[in-house]
Every structure is written in C-alpha cells, then in structure tokens.
1. Limited to the range B:474-501, what total is found for residues that are of a type in the set (S, T, N, Q) and without any contact (Cβ under 8 Å) to a residue 12 or more places away in the chain?
2. Starting from residues that are open to solvent by 10 Å² or more (accessible area, probe 1.4 Å) and in a helix (DSSP H, G or I), keep the ones in the range A:341-362 and report whichever is farthest from the other protein chains (Cβ to nearest Cβ).
3. Those residues that are modelled with pLDDT of 75 or more, among the hydrophobic types (A, V, I, L, M, F, W, C) and open to solvent by less than 20 Å² (accessible area, probe 1.4 Å), I need them from the range A:211-250; list them, please.
4. For the range B:343-352, check the following and say yes or no: at least one residue is without any contact (Cβ under 8 Å) to a residue 60 or more places away in the chain and touching a strand residue (DSSP E or B) at 6+ places or on another chain (Cβ under 8 Å).
5. Can you name every residue in the range B:619-666 that is surrounded by 24 or more Cβ atoms within 10 Å (Cβ to Cβ), more than 20 Å from B:P601 (Cβ to Cβ) and either of a type outside the set (A, V, I, L, M) or in contact with a Pro (Cβ under 7 Å, 6 or more places away or on another chain) (or both)?
6. With the requirement that a residue be among the β-branched types (V, I, T) and more than 24 Å from B:L438 (Cα to Cα), what does the range B:576-629 give you?
7. Taking the range B:121-163 as the region of interest, how many residues are of a type outside the set (A, V, I, L, M) and either open to solvent by less than 30 Å² (accessible area, probe 1.4 Å) or not in a loop (DSSP other than H, G, I, E, B) (or both)?
8. Just name the residue that is nearest to A:P353 (Cα to Cα) out of those in the range A:165-210 that are polar (S, T, N, Q) and surrounded by 14 or more Cβ atoms within 10 Å (Cβ to Cβ).
Amino acid sequence: MPRAADAHRPALTRAAPSGLRRWDRHDLGLYVAAGGASVVGALLVWSTTVRTAGNAYLVRHLVTAGVGLAVALLVGRAGRDRVRAVTPWVFGAGVALLLLVRTPLGTTINGSRSWIPLAAGFTLQPAELVKVGLTLALAALLAHRLDRGADPGGRDLVAAAVLVGVPTTLVVLQPDLGTALVLLALGFAVVVVGGAPRRWVALGVAFAVAVGVAAWTTPLLSDYQRARLTAFADPTADPLGAGYQTRQVRLAIGGGGLWGQGFMQGPRTQGGFVPFQLNDFVFSVAGEELGFVGAAGLLLVLAVVVVRVLVVAARAPDAFGRLVGVGVATWLAVQVVENVGMNLALLPVTGLPLPFVSYGGTSMLVSWLAVGLVDATQGERRA
Amino acid sequence: MSRAHAHHGRMLAVLAVVLLAFGGLVGRLGQVQLAGAAGFGDQGAGPGTSLDTRTIVVPALRGRILDRAGRALAENRMSTVVTLERRVIADDRSAAEAEVRAVAAVLRLDPAPLLGRTWLCGERGAPAAPVCWSGSPQVPVPLADGVDAAAALTLVEQPERFPGIAVSSRAVRVYPRPEGASAAQVIGYLGPVTADEVAAGAGLVADDLVGRAGLEQQYDRALRGTPGRTVVAVDARGLVTGVVSRTDPVPGRDLVTSLDATVQASAERALATQMRAAKKRGWAADTGAVVVLDPRSGAVAALASAPTYDLNVWTGGISSADYATLTSARARMPLLSRATDVGFAPASTMKPASVAAAVSAGRSLSAAYDCPAVYRIGDRDFKNYETFPQGHISLARSIEISCDTVFYELAFTQWKREGGLRAASSVAGTFATVARGLGLGAPTGVDLPQESAGRVPDRAWRQATWEQQRGELCRRARTGYPEVTDRTRAAYLQAIAKENCTTGFQLRGGDAANFAIGQGDVLATPLQMAVMYGAIADGGLVRTPRLGVALVEPGSGARTPVAAGPTRASGLSAATDAYLRSALRSVVTTGTAAGAFRGMPADWPVAGKTGTGEVLGRRDTSWFVSYAPADRPRWVVAAVVGQGGHGSDTAAPVARAVHLTLRGLG
C-alpha cells in the first residue's frame, strides 16, 4: 500500500463523526438489493397468509421493512466511529438478553427457549441481536491489532474464541442450532480474514469437525433437534411431525417447474399445507408459485446483497469496516444457504429465517441493521 | 505498514465460497424443479391432486313436535358453546392449555374438564371418555357447553388473547310441557346413535342423537331433516386447511300432532288425582292410562300413562343416576306407555263385544236372560259380582248392571254349539271372531314405534301355547313342585300341570265363559279398548288411531298431511250398534257408573262401561271406557288404573274429569 493514500485517509475518517455524511455517500446498490429482497419477501408472505389473515401480514412485513430501512439509514449516517464506540455495549446487551432468555422472562416456542415476550404480542429473539454484537466485537478486537500494523497474536485469538464461544454456547442451550452455526461461521470468517495464522485456522477447522462428529454420536442434541435432523434424511420416519413438513415443502417446490404455478395460485401454499411457510419455508412459496425462474431470481437478489456487502468491505478504509463487512456477508450468506438448503432438502431443517424475505420482526430489523452497519463503516470514497 | 488491506486473498476466498454456495443452490433448484429430483414429485400425479379431504356432517335443526293448536311439546333451546380450533392445540399444546385455563377463568368454570376436551379420544396421553373429545377431529373442539352467552362473547372480542376461540350455539332438545302436559311416553326421547347405525349410513355421525321412543322415534327421519355436508381439505395432522365444498343442512320438519295439550294435561292430572285417592282407600293403584280419541277420524287427543317422568332428564344426555332411577323396580317402569304397550284384562268393558257376538250367533236382542248369583259350568261355580240373583233381565240391563252370569250362559252355550272340548283348534269361535272384528288381538296400527297386540285366547292360541309349553308342563306333572313348601298348593299345582300336559290345548267351557266377561287370558290395551268403543260410537267403523296430523316445513310452512290409516267395518250390525249405544248410555244414567257421573252437565251426555278386572295374584284393574256426547259422539275416553279397585270408583272419575275438559273445548 502506498503511504500517500494512508496519509490522507485518517484525516477524512476523523472528520466523519463531527458531521453526518451526505446522502449520496450511502451505498445505493446495497439498499436497493436489500429493499428488493424485502419487497419480494412481502409478496411471498402475503401469498401464504392472504387466505387466512387477509393483508395483515403483508402490512406488518412492509412496516417492519420500512422501520428496518430507517434504522439502517440512521446507523449508516451515524458513521464508523460511533458504531465502533457502542460495540462493547451492543455485544454486552446481546449476551445479557441471551442470559435473560434462561430466566422465567423467556418463553418456549416449538421446543426452543429463544424468545422474550414484549408488549402487544411482539417478541424479541436475542439470538438475532447477538449476531450484530459478535460481528462488531470481533471486528473491533482484531482491527485494533491490524490498525497497528500487526497480525493478531495468540492472546487476540483466545479472546476472539471467548467472544464467539460465550454467545454460541448460550444459543446452543436454547437450543437454536441454526444461529449457533451462523455465529461460528461468521466468527471463523472474521478471524480468518482478520489474519489468523494458518496453523490456527487449521486447528479451528479440525475442532469444528470434531464437534460435528461428537454432536452426532453423543446425546448433545435434544430429541427435537434429532427429529428435525433425521427428518431431512428420511421424511417417512416421522410422517406426521417434522417429516411431514419436509415432505410438503418438497411437493410445493417440486410442483413449481420452470415458471411456477402463478402468484397466489400454488395449491400447496394456498391450501396451507406447509407449516411455518411464512417464516422458515417462505422460499417454498417462491419455488411453487414463481417456479425456477422466480426462485433463482430471488437467490440472485440475495446473492447481490451478500456480494455487495463484500465489495463494500473490500473497499473499506480500515480493518474494522472490512471485518464488519466480512462478518455481515458471512452471516447473511450462511442464513441464505442454510434456509434455502433446507427447503431444497440439502441441509437439515433448522429454524433460520431467510434474511429480508421471511416473516418475522426481529429477523427483518436485524438484517437491515446489518446493512446499516456495513454502510456506516464504508467511510468516504475518494472523490 | 498498515494492515488495513492485508489478507486480501482470504477476502477473495470468502467471496469465492459465497459464490460457489449460491451457485450450488441454484443448481440444486434446477435439479429439483426442472429435472424432477426424487422426493419432490407427487408419484406422477399432478400438483395438488393428493389433497386429503374429510367430510364434516353438519346436523340439521330437529323439527318440533306440536300439539294440534301449535303448542310445542318438544322443541329446541339454543345452548352457547365455546369452541377452540384444533390448529391452536396442534401448533403449541402448552400455549393452548394456558389459553384454555384463561378461558375457564373468564367463564368461571373448573378448567379440568375443558383441558380434557383438548385431547382427541384415543390420542396418546388423552384422558378417558367422556372427558376427551370423541367427535370429529376436523371440527373445532367444544370446550364448554351451556355457558353464559355474555361471558362467552367477551372471549371472541379479544382474539389476540384467545386465538382460535369461537362461540357457537348448539340446539338442545327440550320439552316445555305446555299447560303442564307431559305426554312423556308418547313423545319419546332422543339417544345417541350406535356404531352400527353410523356404519349403516343414512347420514348419521358419531355424536348424533336419534329418536329412541315414541313420536321422536316414529317420525325421526322427518324430524331430523337432512344433515349438511362440508368437505374440507386437511393436512396430514388432520387440521383443516380449507373448505372444498359445502352443502347446507335442511332443517327437520315440524310434526303437528292431534294431541291437545289441554286434554292431555287434564288426563294426566285426573289420573294422578284418582290414583292418589284410590291409594288412600287402600288400593295399590300403581299404574294407569288414559286414551282420548276422536271416533270420527281416529285422531288421538291424549295418551296419558302413569307413572310418568320429566322428559327433560334426557336433555343434554341423561345422567347414569337418572337412568338408574328411571329403570329401577321402585319406579315401576315410567318409560313404558300403559296406554299402548301393556295389555290389561278388559273385564266388563269387553261385554258390548260379547253381546254383539251372542247376537251374531243368533241370540235375540229382545229376549230376557236369567241373571242368577252363580252359574255352574262342569264342576266349577262362576259367581256374579253381586251375590243375589237379579231374575230375568234384558241384555241391555245385563250391561247396565254388569251381570256376569248372563254372559257365562251366552258364551258357554255358544261354546257347546261350536263343539265344546271336541272342537278342532281351527274353529275360531264367534266370541273371539267378533272381538277381533272390533280390534282386539291385533295392533291398532297407531303411529308409534311400539304397541302391544293384546291377546284373544281362542282355540288356535291355546293349541300354539300348549305346544310351546307342553314339555315343561309334562315335566312338572311327573316331578311335581318340590320347591313349593305348602303341600296342598304343590299338589294343586301338580294336578293342574297333569291336566294341562294332556289336554292343555283345549278351550274349556270355563275359558269361554271367562272370555265373555273379559277375564282369564284375554288382554287389551287401553288404546284397543278406545278403538273398539270408537267403532261402537261411529257406526261400527274400526279406524286406525293417528297421532301425526301433518309435517310442516319450518321455512316455507308447506304442509304434508300424515296419511290416515286404513278404516274397516267391524262387522257390527246397525241394529246391534244402536242397541249397545243405548245400553251404554244407561250404564251412566242408571247403571254402574251412575254414581260417578252424578251431576254431569246435561249437555254432555256420556255413555260408557265400567270394568273391574280380576288378575291372579294382584288386585282388581279398574276400567272405564266411554264416549260423549252419547247421541253424536265426538270423543272416546278410555281410562284404566291397575290395582285401582272397582271401575266405578277409580277409572270412572278419571274419565269424568277428562269429559268435563272435553266439554269445555266446545
């Protein structure tokens, strides 16, 4: 890197906190892609719920998307330094809420103790918030060393492992394997891009493989998780429970063909055959009603979001911004792959929502918050 | 050197992994949707063809049973039911149970039975029936029935707090007893269908109620209407996902009957009053019946039976305690209609038939007949009710004062003429034939599901009974009755068994004599006697009694009359009929019933006949069968009280009270 570039960049970034950025400095592509995914999601959620609930879910989905957009813009305008300043608080709050779920304040839905009921029927899922907290905390930890021109040492890596380990353990206890997977993956990606030595990376991979084997062979998993995992392999094992869900999802997507059954025309979707279709299995609506063209198009939109995040990260003026971007991109990508993968019978069924698309307030807000964070850390582009 | 852009390669690796993963997903999507991967097809069938459906039968509102003035004898009351969608339970049982507890708190009910209802019977962990829900898994579960409607409505006003809760109403059969008329045995009751009936089809489903007695049973099909059918699509958990088709139920038709609540109530009251009075005089007076019918049409205005009970015990399902009470020996079978289901010895009320028989056998209506105190047949003395002889009297007088010995002679003479003991069992006998002609020995054909045929013990009946019982009789003739401790009685019984073993098929002279005065083996229901007196009152025509008048569509008011039963001639000649009518009138003016009808208004002349039946081992059956006005009969009233004493003391006052009510109708 030429020193000249470095010389004038800190001056610009230091100027940022004093005043808000100009509107045209926001990454328009990122907002457009995320907004597009949210609108497609609203249409799909509308299609699965219009028969039973009219437009209520459509409206709520669009309202949360709107709130999410506003939050993203606010965070984006707040700028990198402010975000970095609140990082410890966000991470701390996320972990504290995860602990709160274990207390009587939390509620159990579908076998997982993952929710804190708020007023007026809204619930909060701390596991969603902790993704933000972990991304920021890891980025801050590693950027601190990178900004001083050094790769992280053993002590940094142990600290990073603790940062990843604490929330992941709490999330596994809920149990919420999907989010745990996201936390591990984003942690791994941030640490790797953050400059972890090769042998540490190899050690991490070996550890992950060992944990995977242990999970399968010891009673680490609850019966509920086991049921959902085996249902993915053999839908006939439990035809009335988890296997039923998988079977209906496959029939729905399989019935889509190239062009689909038509919006609001899918017999499985409109017949209400797919349980949890508006959140976990919203992709099957696209599969059945919009066909290969529509579903692949939805994947393309989501891919644009992820790739755009990575592009913004690569252009980030400092290590913090870059690592936040890598964390967010990994997190969104893992959720998309896991969610669509389970819809396509490639991966076990976990309760991970499809970012921007699945119905669910916390997921929508947090996904937009991630966009805001990436936007905030991109700094000023050279004129 | 700043490390801000260090590890650019690792960043590119992340991008590559992401692109690879997304590419993989798109590839898999293509494989699944375009190449038809295994597990994603529907075994060759088109999409959506494997929709599972279930048919929910929606019961129709049951028709009412009305009296002739439109007063409801049986109708429906709407009961408020709070239901819960099964989906709520299936999605999250613990949340659903918390909700049910909250519902119970709002309704101020014990939550335990409501929680029990959230389980389908047979489900793993379900409580035993009847706590669990045994109905269709596709209908919302009824949590509580008969709840306060206002409290129930507060539930549906808070759908966020009580998701899946709905309030509906269910029809419950009630019996309003207009004017205090119960008519319990005639109206009948509803009971749950059996598994066999459900299997036989006819649109019945598991928790349906069908008529199990009386008019509810007889007209069940018309009253029940046509149930509606809703075909719903269900998922593999049996949860309803949509409605495929719907046929609305057609409500049942109202049954208009010829019963008159005023007359029915009057009959029931009179029966109860006189039975109480008889008990005070020392009689058991444990059963009774009143029949009121129109002799010109056979339309039945009242069918009372005692003991009776409150039909409303059946409403919402009878409790086992109530059922035990109803069927206990102490209760004396209140479910049984003494008016139609039980035959009594008709006693002297039989005598008009015997007069007609004697006349048709050639005896003169104008001759005088000896009425001694005792008439001897073979080695047995047949006593008159009165202990002193009446001299030679007319047949009319013999009816009026109820002289038995005149009838012994008439019957015995005819019996000898027919061949006596040597007569073949195929010889019908004039007395039996005439009695059958007047409606005895066969069901009247009334529109009720159950009816006793009574019994006319002619030679053929004796032969059949003997053939049936000979084995036991002959065994007793050999072995005697060692279990009977009284030696004399045991010897007497053995002697009878010996005689019956060899000659039990014979109609003996004494049997014939007993038949003429309605004693011995002859049995008739109060309804049969009413039909017989109706024939006398209405020019000798035997009509089929009818309760049903018309079936009325509740919506349009379209009326379908109930077909009248057949009418036939009794074989009674006009002269005999006129003679009998005048004799029956004098029974009430100067004969055995004169005392009971003293002071009866002159504009309502009653004609009738008392009867005092002697039943082996029991006390006398009190009868009075009558019609009025005597000159232009409009109503037949038959009253009977089992173990009620003399006909003029107990049954006649019952009939008198009913006649006064009938007169009041105008």
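The values are calculated or read from the model by the stated rules, or taken from the named source; none is laboratory data. As the structure is a computational prediction, the values presented were derived from the model and not from experiment. All Cβ positions, even for glycine, are placed from backbone atoms using ideal geometry, and neighbour counts span all protein chains on display. Ligands, DNA and RNA are excluded from the accessible area calculation, which covers all protein heavy atoms including side chains. Shrake-Rupley method; radii C 1.70, N 1.55, O 1.52, S 1.80 Å.
1. In the first step, residues of the range B:474-501 are kept if they are of a type in the set (S, T, N, Q); the result is B:479, B:485, B:488, B:494, B:500.
Next, only the ones that are without any contact (Cβ under 8 Å) to a residue 12 or more places away in the chain stay: B:479, B:485, B:488.
Qualifying residue count for the region: 3.
2. Within the range A:341-362, the match that is farthest from the other protein chains (Cβ to nearest Cβ) is A:T362.
3. Residue satisfying the conditions is A:V249 alone.
4. no
5. B:T621, B:S622, B:W623, B:A638, B:V640, B:G642, B:G644, B:G647, B:T650, listed by residue number.
6. Initial filter on the range B:576-629 (among the β-branched types (V, I, T)): B:576, B:587-590, B:592, B:606, B:610, B:612, B:615, B:621, B:625.
B:T589, B:T590 - these are the residues of the range B:576-629 that are among the β-branched types (V, I, T) and more than 24 Å from B:L438 (Cα to Cα).
7. Residues meeting the conditions: 8.
8. A:T179
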